[in-house]
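Q: Can you read through this structure? Questions will come right after.
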Amino acid sequence: NAGVTQTPKFQVLKTGQSMTLQCAQDMNHEYMSWYRQDPGMGLRLIHYSVGAGITDQGEVPNGYNVSRSTTEDFPLRLLSAAPSQTSVYFCASSRGQYMNTEAFFGQGTRLTVV
Amino acid sequence: GNSVTQMEGPVTLSEEAFLTINCTYTATGYPSLFWYVQYPGEGLQLLLKATKADDKGSNKGFEATYRKETTSFHLEKGSVQVSDSAVYFCALSGGSYIPTFGRGTSLIVHP
């Protein structure tokens, strides 16, 4: 059981470049989300989706786009990378509709923007 | 809105010491409460959970009790090991699809 798979694990970008962080889950979860983790800041929600075709902004959405064309995939796009986007990015999924649902996380993508 | 407050770290302990990491929350209704653990270089994984008042979640020697009267869910372990060194996140789920996480507490255990 693969769970939540993120690719790539590491990435270095130049300022202004664009890229897509991939996230896929094989648990048929409705809810998926993207977080960034920075020292001293904990986890901050970027975007989330409650089902295929439905996305919404989280706490820090600027500079990022998402789409949810299938239940399994939830890619995160950086439109024009900036050094402030240097961070570790985590994708998570959950069943979503139940109060006691737990979140399953990917291994993370460590992004450096130079 | 919902919020989670946990003690700042790092918490530094010697092996076999007693551990407490405090967590308090603000939420409407009756949320479910969670502790997640993040080992170095990895994603978060569920450590334990409790879904209603007075429930005790437990796993790998860790325990936490859902205290509605004090809106708390403190994490405890009687005897920590070096392998417990990690970052611990308190979280709640309820009222919406979006779980709320605390900022995380780093635990460092020395031999």
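Q: Sticking with the crude label model, points 7 Å out along Cα→Cβ, report the distance from A:Thr5 to A:Val88 in nm, one decimal please.
A: So the two model labels end up 2.2 nm from each other.
Q: Right, next: What does the charge count near A:Met32 come to, summing +1 for each Lys or Arg and -1 for each Asp or Glu among other residues with Cβ under 13 Å from its Cβ? Present the calculation step by step, with values, prior to reporting the outcome.
A: On the way: positive: A:Arg68, A:Arg95; negative: A:Asp26, A:Glu30, A:Asp56, A:Glu72, A:Asp73.
That sum, taken over residues with Cβ under 13 Å, equals -3.
Q: In addition: Are there trypsin sites (Lys or Arg not before Pro) in region A:5-65 that DSSP marks as loop and that have at most 14 other Cβ atoms within 10 Å, and which are they?
A: Values: sites: A:Lys9, A:Lys14, A:Arg36, A:Arg44; in loops: A:Lys9, A:Lys14.
Passing both the DSSP loop test and the Cβ count: A:Lys9, A:Lys14.
Q: Could I ask something else about it? If you add up the charges near A:Phe104, with Lys and Arg at +1 and Asp and Glu at -1, over every other residue whose beta carbon is less than 11 angstrom from its beta carbon, what do you get?
A: Values: positive: A:Arg95; negative: A:Asp26, A:Glu102.
Net local charge, A:Phe104 excluded: -1.
Q: Rounded if a/c is under 1.5, else prolate if a/b is larger than b/c, else oblate: which is chain A, with a ≥ b ≥ c the root eigenvalues of its Cα gyration tensor?
A: Prolate is the answer for chain A, as a/c is 1.5 or above and a/b outweighs b/c.
Q: Can you give the longest stretch of chain B with no exposed loop site, where a site means trypsin sites (Lys or Arg not before Pro) in a DSSP loop (not H, G, I, E or B) with at most 16 other C-beta atoms within 10 Å? Intermediate results must be reported in sequence, preceding the final value.
A: Working: sites that count: B:Lys52, B:Lys60, B:Lys68.
Of all site-free stretches, the longest is B:1-51.
Q: Additional query: For B:Ala53, what is the net charge nearby, where nearby means another residue's Cβ is under 14 Å from its Cβ and Lys, Arg count +1, Asp, Glu -1?
A: Numbers: positive: B:Lys49, B:Lys52, B:Lys56, B:Arg67, B:Lys68; negative: B:Asp54, B:Asp55, B:Glu69.
That works out to +2.
Q: Shape of region B:21-94 from its Cα gyration tensor (a ≥ b ≥ c, root eigenvalues): rounded if a/c is under 1.5, otherwise prolate when a/b > b/c, or oblate? The partial results should precede the final answer.
A: Details: a/c = 2.31, a/b = 1.63, b/c = 1.42.
Cα axes put region B:21-94 in the prolate bin.
All of the numbers you see were taken from the coordinates with simple rules; none came from a lab. Keep in mind that this is a model prediction, so the values were computed, not measured. Glycine also receives a Cβ, built like all others from the backbone with ideal geometry; neighbour counts cover every protein chain displayed.
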